[in-house]
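Report on the following structure.
The values are calculated or read from the model by the stated rules, or taken from the named source; none is laboratory data. Everything quoted here is computed from the prediction, not taken from an experiment. Cβ coordinates were reconstructed from backbone atoms using ideal geometry, including for glycine residues, and neighbour counts include every protein chain displayed.
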Amino acid sequence: MTTVVRFWIIMSTGLVSAGWMLSALHELNRAGYLAVFALAAFAFVFWRRKAAWQPETTPAQLYQRLRHRFTRPAPIIFLALAVMALAGGVIYTHINPDSTAYRIPRIWHWLGDGQWHWIRTADPRMNIVACNYEWLSAPLMLFTRTDRWIFLFNWLSYLMLPGLIFSVFTRLQVRPRVAWWWMWLLATGWCYVMQAGSDATDAFAAVYALAAVDLALRALENNSAVDGWLSLLAAALLTGAKQNNIPLVLPWLVALWPARRLLWSRPLGTLMVAGTGLLISAVPVTVGNIIHAGNWQGLAQGTAHSGWSAGSPLWKFIGNLVSIPVQNLLPPFFPWSGTWNDGMARFLASQAGEAFRPFERFGHLDAGISESSAGLGLGLCLLTLLTLVAMRLQKPWPVENPERLRGLFPPTWLRLAPWLSLLVFMFGICSFADARLLSAYYVLFFPLLLAGAGHERIVRRRWWQRLAWLVMLLAVAVLMTARSRPLFPAVTITEKLKDGHPHSRFLEHLWLSYAWMDSYGERRNHFQKDFPAEEKVAGYATVNGCGEMGLWLPFGSRRVVRVLAEDTPEQLQAQGIHFVLVEDVALDAAHLNLEQWMQRYDARLVDQLEFYEDPYRPRGHYFLVRLNPLPNQN
């Protein structure tokens, strides 16, 4: 596993660095990537000959090890989850709101122009958020001409999670038997299983967070500067995945501090690795934000967004103290979300809720668990609480001789550091999905909770083991019935149940929670037939909508340009735009109806589509319009 993790960090570093460097050379294209891959292959062959590298285990030994491991219930359940996540990723079109609104579209923009650039758009997220997942995905999308397979980076990261958890936990004095049980349990956290088959970008960073700590501790154990360098790269990749992971640099610094002399013993190598770390971290995006927006966040002053936005730190902390537990305890299906959210809207409108208005939709809950809302999960939270209570109630357990415990570095501060990072997060972030944004944090919270000697006795109890299996099986059920990727004919079955019980509001909500997701595939492909083959540019008028991805496909056929409220007909047609996909959110932002918009741009309606953006909100609308030729073009 250690070799796999090291390779993953090196590969991630190479792909992210390649994205930025090819952009600087204006060569973000197939030829540029082929040159990078050729150089990487040459470097690998040269290194292997020089180092006389041999794999840690032979294929036969690996097979026997895996065969022995996957004979017990916990590993078998994890294997089933991995297979189910892969099946869901292969079967379904990916519909993560963040990915469809800005993450995937901006990759197409960069590839279309052959470089990273600041995109002209009304949605600032297309420019201001960290983009390491996008740099991992870009060559795959470029060579396959589709975004269908980018979920594989999440899935491969998920496979590495249990081994890394065990390695970090045992180095922080969690007993091996306890670490064994919890490495499988934590890998069934809902945020991890839901995102393993999706293109969301939260949970995959947990591997970087764990690897940064693990390799820093290994550097001290093995007296290895190379492990220290790899830990630095992992920490940089962690921040480059999402800016809200920046506080997790603290545990890495605490872990690496005892090994700092190893790094300074090879200063040239350390400086080169540090320079690479800056390139693959959040630094390039931060510099872009400062240049183009005047601040490190990239947001206008006072703008509320799921970042380090305006508002009192104390009220952010209080708000997160409420919202994070509530989101983590959300059941798999929550048909009362409409009533709950209406109540929260009234609370925010009142004087009592004024302090929480800087939050992005404070208190908002989804209709059930999805990769956009999942935290650690109801089952794991309750089992953790029950385990801690059982620890308090049992008789004291004799403390072992510290010399028998694994590790060379006293881990007390390292166990505390992730909790200090959590405080920084809670005082700074005010999002509606903080439970999801903490995906990279959760695992590192547990060494402090599980290091007590009595946990080894608890995990031997039959009642506890049965509860652990039940929690893992609950994750299987959640993944099987996921609204975004159900692994059964959900719409057909729930529709028949609804028709058989027409007065059941519960069954109606259940059917709607699945049926509305079908609209994403229709929205993606509906307008393909309307574009003449000769049209090389399409306009998209929106604010933060999810309709752009279908306009790019098949990739290479046309470019997409965001149409802003201040654009004139002359500006659009000067760019070669004859067709514009207009979303009703753009009309609302411009305070126009469709007729007024078409009159302003001298356009006519070609096609339209009604869809659900949220099953508990009014339907959204797309309008495809064609601009009439300007008088001087006749």
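Would you confirm whether any residue within segment 576-595 is among the hydrophobic types (A, V, I, L, M, F, W, C), in contact (Cβ under 8 Å) with a residue 12 or more places away in the chain, in contact with a Gly (Cβ under 8 Å, 6 or more places away or on another chain) and in a helix (DSSP H, G or I)?
Yes; the residues of segment 576-595 include at least one that is among the hydrophobic types (A, V, I, L, M, F, W, C), in contact (Cβ under 8 Å) with a residue 12 or more places away in the chain, in contact with a Gly (Cβ under 8 Å, 6 or more places away or on another chain) and in a helix (DSSP H, G or I).
Looking for something surrounded by 13 or more Cβ atoms within 10 Å (Cβ to Cβ), in a helix (DSSP H, G or I) and free of Cβ contacts under 8 Å to residues at least 60 places away in the same chain - is there at least one such residue anywhere in segment 364-373?
So far as segment 364-373 goes, no, none of its residues is surrounded by 13 or more Cβ atoms within 10 Å (Cβ to Cβ), in a helix (DSSP H, G or I) and free of Cβ contacts under 8 Å to residues at least 60 places away in the same chain.
Could you list, in sequence order, all residues of segment 264-285 that are of a type in the set (A, V, I, L, M) and within 31 Å of the chain's Cα centre (by Cα)?
L271, M272, V273, A274, L278, L279, I280, A282, V283, V285
So is R148 basic (K, R) and within 30 Å of Y540 (Cα to Cα) or not?
Details: basic (K, R): yes; within 30 Å of Y540 (Cα to Cα): yes.
When the stated conditions are applied, R148 passes them.
For every residue, the table says whether it meets (1) surrounded by fewer than 16 Cβ atoms within 10 Å (Cβ to Cβ); (2) in contact with a helix residue (DSSP H, G or I) (Cβ under 7 Å, 6 or more places away or on another chain).
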site: R562; (1), (2): no, no
site: A574; (1), (2): yes, no
site: N593; (1), (2): yes, yes
site: V606; (1), (2): yes, yes
site: N628; (1), (2): no, no
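Kindly indicate whether L250 is over 23 Å from the mean Cα position of the chain (by Cα), surrounded by fewer than 24 Cβ atoms within 10 Å (Cβ to Cβ) and not assigned by TED's automatic domain parsing to the domain that holds C430.
Against the criterion (over 23 Å from the mean Cα position of the chain (by Cα), surrounded by fewer than 24 Cβ atoms within 10 Å (Cβ to Cβ) and not assigned by TED's automatic domain parsing to the domain that holds C430), L250 does not qualify.
Here are the criteria: (1) surrounded by fewer than 16 Cβ atoms within 10 Å (Cβ to Cβ); (2) at pLDDT below 90. Tell me which single one F527 does not satisfy.
Only one criterion in (1) surrounded by fewer than 16 Cβ atoms within 10 Å (Cβ to Cβ); (2) at pLDDT below 90 is unmet by F527, namely (1).
Quick grid of which residues meet (1) of a type in the set (D, E, K, R); (2) modelled with pLDDT under 95:
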site: P75; (1), (2): no, yes
site: L81; (1), (2): no, no
site: I91; (1), (2): no, yes
site: D113; (1), (2): yes, yes
site: A122; (1), (2): no, yes
site: I128; (1), (2): no, yes
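Got at least one residue in segment 258-270 being assigned by TED's automatic domain parsing to the domain that holds A225, surrounded by 21 or more Cβ atoms within 10 Å (Cβ to Cβ) and farther than 25 Å from S157 by Cα?
yes
Need the failing condition index for Y540 against (1) more than 26 Å from the chain's Cα centre (by Cα); (2) crowded, with 18+ Cβ neighbours inside 10 Å; (3) among the aromatic types (F, W, Y), just the number.
Checking Y540 against (1) more than 26 Å from the chain's Cα centre (by Cα); (2) crowded, with 18+ Cβ neighbours inside 10 Å; (3) among the aromatic types (F, W, Y), the one that fails is (1).
Scan segment 164-197 for residues that are of a type in the set (S, T, N, Q) and either buried (at least 24 other Cβ atoms within 10 Å of the Cβ) or not in a helix (DSSP H, G or I) (or both) and jot them down. Don't jump to the end; show me each part of the working.
Taking segment 164-197 first, the residues of a type in the set (S, T, N, Q) are 167, 170, 173, 188, 195.
Once the filter is applied, which keeps residues that are of a type in the set (S, T, N, Q) and either buried (at least 24 other Cβ atoms within 10 Å of the Cβ) or not in a helix (DSSP H, G or I) (or both), segment 164-197 yields Q173, T188, Q195.
Give me the pairs: first residue in segment 495-506 and loosely packed, with under 13 Cβ neighbours inside 10 Å, second residue outside any loop (DSSP other than H, G, I, E, B), beta-carbon distance under 8 Å, and six or more apart or on different chains, which are they?
Qualifying pairs under 8 Å: H501/L507.
I'm trying to understand the selection: among the residues of segment 447-459, which are surrounded by fewer than 23 Cβ atoms within 10 Å (Cβ to Cβ), in contact (Cβ under 8 Å) with a residue 60 or more places away in the chain and either among the hydrophobic types (A, V, I, L, M, F, W, C) or assigned by TED's automatic domain parsing to the domain that holds W252 (or both)?
Answer for segment 447-459, where residues must be surrounded by fewer than 23 Cβ atoms within 10 Å (Cβ to Cβ), in contact (Cβ under 8 Å) with a residue 60 or more places away in the chain and either among the hydrophobic types (A, V, I, L, M, F, W, C) or assigned by TED's automatic domain parsing to the domain that holds W252 (or both): L449, A451, A453, I458, V459.
Of all the residues that make up segment 374-423, how many are modelled with pLDDT of 85 or more, crowded, with 16+ Cβ neighbours inside 10 Å and over 15 Å from A453 (Cβ atoms)?
15
Which of the following residues is within 16 Å of I280 (Cα to Cα), touching a Leu at 6+ places or on another chain (Cβ under 7 Å), in contact (Cβ under 8 Å) with a residue 12 or more places away in the chain and part of a helix (DSSP H, G or I): L237, L215, L230, L210? Full working, then the answer.
Details: L237 fails: touching a Leu at 6+ places or on another chain (Cβ under 7 Å); L215 fails: within 16 Å of I280 (Cα to Cα); L210 fails: within 16 Å of I280 (Cα to Cα).
Sole residue among the options that is within 16 Å of I280 (Cα to Cα), touching a Leu at 6+ places or on another chain (Cβ under 7 Å), in contact (Cβ under 8 Å) with a residue 12 or more places away in the chain and part of a helix (DSSP H, G or I): L230.
In segment 293-326, what residues are farther than 19 Å from V424 by Cβ and modelled with pLDDT of 90 or more?
V326, the sole residue that qualifies.
Scan segment 508-516 and give yes if some residue there is acidic (D, E) and under 21 Å from T93 (Cα atoms), otherwise no.
For segment 508-516, residues acidic (D, E) and under 21 Å from T93 (Cα atoms): absent.
Quick check, is T276 in contact (Cβ under 8 Å) with a residue 24 or more places away in the chain and outside any helix (DSSP H, G or I)?
Taking the combined requirement at face value, the residue does not satisfy it.
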